[in-house]
Amino acid sequence: MTKGKTMDILKQEIAKKRQLLEEKKLVEPAKKYFKRSELVKLEKEEYYKKYGCTETKLSNDETNANNGNISVEDDVIDHASLSRKEVIKRLRERGEPILLFGETELESFKRLRKCEILEPELNKGLRNDFQEAMERVDKAYLDEILKSQTQESSTLNEGQQQEKQISYE
């Protein structure tokens, strides 16, 4: 293709898009630009008209969804008993970033909860079980030593008492 033909094709495509926008009454002949949000809004309206969803039903769904989101966020805030330092510590232990770009502290707390639910601490749990078993063995050993020492001391005390009672007169 030559440059002239490709330019003609591009000009035709631009003209088609401009004509579609003028049909949707987004761009007037005098206007050069339009807002993308207006285009999306018109496309949504056309979709709902085509598939039978009404605007009032949409607005009710949106308000219900917004109310639900607020109550869920309040619920999460109520259960957010972890301090910020604890959230940071736990995220670091898991090798997760503390804050993702544009993320709030509440969202990082939610991400931590999600990580804790989805990925239980496999190797940390095994290490803790082993550590607990070792601590139980150590405690049992110390208890045995203390019992034997108390028994020895009680027998020594009895022997000393007997020696005190004997007089050499």
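The values are calculated or read from the model by the stated rules, or taken from the named source; none is laboratory data. Predicted model only: the values in this text are computed from it and were never measured. Virtual Cβ from ideal backbone geometry, glycine too; neighbours counted across all protein chains shown.
Taken over the stretch 115-169, residues that are modelled with pLDDT of 70 or more and either touching a His at 6+ places or on another chain (Cβ under 9 Å) or among the basic types (Lys, Arg) (or both) amount to 3.
Leu82 meets the conditions (1) at pLDDT 85 or above; (2) part of a loop (DSSP other than H, G, I, E, B); (3) of a type outside the set (D, E, K, R) in every case but one. The failed one is (1). In this structure, is Leu112 farther than 30 Å from Lys44 by Cβ and at pLDDT below 70? Judged against the criteria, Leu112 is not a match.
The residues in the stretch 94-105 that are within 18 Å of Leu118 (Cα to Cα) and touching a helix residue (DSSP H, G or I) at 6+ places or on another chain (Cβ under 8 Å) can be counted, and the count is 4.
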